[in-house]
């Protein structure tokens, strides 16, 4: 088994081609899943539902036991013959070596991985495996849970989620089709990207937010208890993802370090400018702070809404409800009778009181209809 | 009108005394509200509901017109006599000067402010106003909206919210009672803090998150469109507050710069350590990253839940619903019939599909009951 990392073969920034891959038929088994964690076990469970034979392997024998009990397949062992597809579902730092080993061991199999970074892995396999890399396709199912391991697995984990595949010019058409078939079997939306484009986007949209959430939450660790206790919903929303697995995430961040470091350094520069301006306290300093806040507002406006366009401005209606069973049900039933489509819901519990604020977001032109309907039914509306 | 800033008179870190102030009776009017923005107009509207005479002043005459139309009081003018209470509701950078001017102009009145930082203002008034500062009480109603100005005002803006008051040893008891009565008249929960304790807590719980959200969102401004489009719920939650008013927030951050700069610099140091470790890419570097992620997880666990204790681990049930009117109502009605109390709700719209994922959070021991009830009624449950 080789352990090379290898240079990045994709020097230029590649354009994204977010074109759904055409239906590629059924998954040809048997499928060998290497790594019986959350992702690998979930894939096995889904493939077994479809009747595809699945073999499970993991350096942690107990993880395989759990995955087998969950219905993800049977334990891999001698005499089973060769798989048609190998899914390498292990932390990114080990993928290139294990995938290259699988390509060598099973000379007819297509090998896929499911790690959250792609360039280094694709390049590493190309360097380690040589021409056999034509049978390796990097993929990244964009689904996850705040739990990990086979106990958290579920066969519908990938349903309606994006599943990025990052084929290269070296790939055979049949290998690409096999990767797409795997994603489609899991009811995911297949998105085809260049490896570098995937990693650059992931650095901005996933890896940087994880670092920032963790660093922000880290400031709470040693803070006086009385400072922490006044925190509100804004801070809470920002540190929600700070509860992720430190070992796995350290590996993910390291595996995408060439994309993460530049955008992290740009963020640090911006924060440093604000820190300097706060100490400087002159008129030009105030402009530095204001300019960053303006850029943040402009950047936020670029986030897509659920239909892929820029985020629209929603209106909202905030309702005060008693914090007891059934109240939310009554509220949403009332909203349903008003025939409005809610775009978002936020619940804010008032501190030390038995009340909750429910902020319902909806299209601005429907706000009056919802407010009127709720008032008519006796709800307490703020504003 | 003086314009001094003055040194910080509260050199030592003060302990928080989160003791509710005893009921202090009705608000004695007339009340002069200086600044017809969101907060000032909302206070005026509430006091008018209670029958308290309110006069409104603002350098922007049109803002006063709007506030009068909203029912927040009448325009301040000659011949009205002296107010019993002045509420200075303007951006923090101007509060000390205006409050000191009011103390000099109305020698019997109690003067309060409502700005989001307190030490500099309290110290500034003490320096500018001298012994008259005994009649000034700094306050901070912890309520706000993502809109600003008198059009967004509402009389119930402060209901069930914390309203911090920061009296000093120099204050008269009657001045403290008048400040508490104002907060109570607005149905807020009065919390008494030292000015420095307020500002240190606000820096961590409010001002730092605002800077971080804006800086993170700012990285989206110049990013390629294809990078922005793959962003998910994690990033979206983290930049929600990046849409705040840049001018007001630049002033707030500047007014609390002595508390914000140190915690911002600690955050920058942590981020810089991660950036350095990613470039370094050694074993000790991996430990640096892992350690930050662990600290983040520990810090997040310190956030209080709605009852003031540490945040419990909730269980969750995720339901797939059609993205059309009435579906949420049907879902929550079903949850209500299951007699479970939902602690939180998150809606995630699947991209380009007419489905939404509704994650319902609740006590772990109630998860099975909810899941069973929803399955029985035919809902599509993930996992």
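Brief remarks follow.
- Restricting segment B:73-88 to residues that are crowded, with 24+ Cβ neighbours inside 10 Å and touching a helix residue (DSSP H, G or I) at 6+ places or on another chain (Cβ under 8 Å), the residue that is farthest from residue B:164 (Cα to Cα): B:73
- In this structure, residue A:164 does satisfy being crowded, with 24+ Cβ neighbours inside 10 Å, touching a helix residue (DSSP H, G or I) at 6+ places or on another chain (Cβ under 9 Å), modelled with pLDDT under 95 and under 24 Å from residue A:84 (Cα atoms).
- Test for residue B:105: is it free of Cβ contacts under 8 Å to residues at least 40 places away in the same chain, closer than 27 Å to residue B:58 by Cα and under 16 Å from the mean Cα position of the chain (by Cα): no
- Filtered residues of segment A:209-230 (kept if more than 7 Å from chain B (Cβ to nearest Cβ) and either more than 22 Å from residue B:269 (Cβ to Cβ) or in a helix (DSSP H, G or I) (or both)): A:210, A:225
- The single condition among (1) touching a strand residue (DSSP E or B) at 6+ places or on another chain (Cβ under 6 Å); (2) crowded, with 24+ Cβ neighbours inside 10 Å that residue B:109 does not meet is (2).
Quick grid of which residues meet (1) more than 7 Å from chain A (Cβ to nearest Cβ); (2) surrounded by fewer than 17 Cβ atoms within 10 Å (Cβ to Cβ); (3) at pLDDT 75 or above:
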{"position": "B:308", "(1), (2), (3)": "no, yes, no"}
{"position": "B:327", "(1), (2), (3)": "yes, no, yes"}
{"position": "B:348", "(1), (2), (3)": "yes, no, no"}
{"position": "B:353", "(1), (2), (3)": "no, yes, no"}
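- Residue under evaluation residue A:92, criteria (1) more than 24 Å from residue A:258 (Cα to Cα); (2) in contact with a helix residue (DSSP H, G or I) (Cβ under 9 Å, 6 or more places away or on another chain), criterion not met: (1)
- Residue count for segment A:183-201, restricted to those that are touching a strand residue (DSSP E or B) at 6+ places or on another chain (Cβ under 6 Å), part of a helix (DSSP H, G or I) and closer than 19 Å to residue A:52 by Cα: 1
- The conditions of being outside any loop (DSSP other than H, G, I, E, B) and crowded, with 23+ Cβ neighbours inside 10 Å are not met by residue B:177.
- Among the residues of segment B:24-68, the ones that are in a helix (DSSP H, G or I) and over 17 Å from residue B:111 (Cα atoms) come to 14 in all.
- Hits in segment B:369-383 (condition: in contact with a helix residue (DSSP H, G or I) (Cβ under 7 Å, 6 or more places away or on another chain) and part of a helix (DSSP H, G or I)): B:370, B:373, B:374
- Qualifying residue in segment B:133-141 (condition: closer than 17 Å to residue B:191 by Cβ and within 14 Å of another protein chain (Cβ to nearest Cβ)): yes
- Those residues of segment A:181-194 which are surrounded by 24 or more Cβ atoms within 10 Å (Cβ to Cβ) and more than 14 Å from chain B (Cβ to nearest Cβ), in sequence order: A:182, A:183
- Wholly enclosed helices (runs of 4 or more DSSP H) of segment A:231-296 bearing at least 2 residues within 8 Å of chain B (Cβ to nearest Cβ), surrounded by fewer than 24 Cβ atoms within 10 Å (Cβ to Cβ) and at pLDDT 95 or above: A:257-280
The values are calculated or read from the model by the stated rules, or taken from the named source; none is laboratory data. Please read these numbers as outputs of a predicted model, since none were measured by experiment. So basically every Cβ, Gly included, is an ideal-geometry build from the backbone, and we count neighbours across all protein chains shown.
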